[in-house]
Amino acid sequence: MEQLKIVYEFTFRDKTTKSFDVHLDKDSLSLITETKQDPPEWARLEYKQCSICPLDKALHTYCPIAANLSGIAQEFREANAKDKVDVNVAVKERSYHKTTSVQEGLSPLLGIIMTTSGCPVMDPLRPMVRFHLPFASLDETAYRMATLFLMAQLLRDQAGKKPEWSLEGISDIYAEVNKLNKEFSQRMIAAAKSDANVHALVNLNVFAIMVPKAADKMLKEMAPYFAYYLK
């Protein structure tokens, strides 16, 4: 099985470091997890289960996102959200660096885990992980999401399924993601002594709220760039 690897390394002001290797199945972008101890109680599916969760507790003992985030949450459970940290992110093609707050550095790592763990609500965002862009701006995220969504419609059309060529579907996807983020934050509160984990999730949810609006605005603003195709 061919894998994709994304490495996040955090260097704190006291020079201590935390490093996380994320391994993904290249064909499915599913998170590849190692055998480890049972996840904590707050990761059980029935613990503050999201109201929109379609999973059956008879078939799933643990929330897939919570189970896969539990190790990272434990590492940051005492971290302060606004503390400064140097974050290095390495993928096969290149690396990225930013000096930022813990919450901003942690947000994209949480985003990868949440979209590749097998949560049905988050699955529509999974293709974004293939060309992961840490520290992306709102406009960059909106552009990538619009591209993803329209490519999905082309694939649906080629597969004989009805496509949706407007961007309204993006709003529907993010409305569900917004609900999940808000309710999942209750699990993160249980997992932390400090606020870094929760605020990192809040950062993600700001994008969930703003991306649909930004995508529609961006489409209008970028139309002149595509003059060649509109002849």
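Just so you know, all these numbers are worked out from the coordinates, no wet-lab data involved. Computed from a prediction, not measured in an experiment: that's the story for all the values here. Glycine also receives a Cβ, built like all others from the backbone with ideal geometry; neighbour counts cover every protein chain displayed.
For the chain, what does -39500 (n - 2.57) per DSSP helix run (n ≥ 4), summed and divided by total residues, give at 222 nm, in deg cm²/dmol to the nearest 500? Show your work: numbers first, answer last.
On the way: 5 runs with 99 residues, N = 231.
Calculated at 222 nm, the ellipticity per residue is -14500 deg cm²/dmol.
Cross-link candidates for residue 57: which lysines have Cα within less than 22 Å, leaving aside residues fewer than 8 places away along the same chain?
Excluding near neighbours in sequence, the set is 36, 48, 179, 182.
Please rank 137, 30, fewest neighbouring Cβ atoms within 10 Å first, as an exposure proxy. Before the final figure, lay out the partial values.
Numbers: 137 11, 30 14.
The most exposed by this proxy come first: 137, 30.
Kirkwood Rh over alpha-carbon pairs of region 3-230, then Stokes-Einstein at 37 °C and 0.692 mPa s: what D in µm² s⁻¹, rounded to an integer? Walk me through the numbers on the way to the answer.
Details: Rh = 18.6 Å.
So the translational diffusion coefficient is about 177 µm²/s.
Does anyone have the angle between helix 168-191 and the longest principal axis of the chain? Alpha-carbon axes, 0 to 90°, nearest 10?
0
Setting aside same-chain residues fewer than 8 positions from residue 98, which lysines have a Cα under 20 Å from its Cα?
5, 15, 18, 82, 84
Using the number of other C-beta atoms within 10 angstrom as an exposure proxy, rank 48, 98 with the fewest first.
Details: 48 17, 98 14.
Fewest to most other Cβ atoms nearby, the residues stand as 98, 48.
So what's the net charge close to residue 105: Lys and Arg +1, Asp and Glu -1, counting the other residues with Cβ under 11 Å from its Cβ?
That sum, taken over residues with Cβ under 11 Å, equals -1.
Using Cβ contacts closer than 10 Å as the measure, can you line up 219, 148 from fewest to most? Write out the running numbers ahead of the final one.
Numbers: 219 15, 148 18.
Fewest to most other Cβ atoms nearby, the residues stand as 219, 148.
If one takes the longest principal axis of the Cα atoms in the chain, at what angle in degrees, from 0 to 90 and to the nearest 10, does the Cα axis of helix 196-222 lie?
It works out to around 10 degrees.
In degrees between 0 and 90, to the nearest 10, how far off the longest principal axis of the chain does helix 138-158 point, with axes built from Cα atoms?
Tilt relative to the chain: about 60 degrees.
Could you pull out every one of the aspartates and glutamates with an alpha carbon less than 19 Å from that of residue 92, ignoring same-chain neighbours closer than 8 positions?
2, 9, 21, 25, 27
Can you work out the Karplus-derived ³J(HN,Hα) for every residue in region 126-133? Use 6.51 cos²θ - 1.76 cosθ + 1.60 with θ = phi - 60°, whole Hz, and x for glycine or proline.
4, x, 4, 6, 4, 10, 4, 10
Could you tell me the center-to-center distance, by alpha carbons, between region 152-186 and region 1-62 in angstrom?
22
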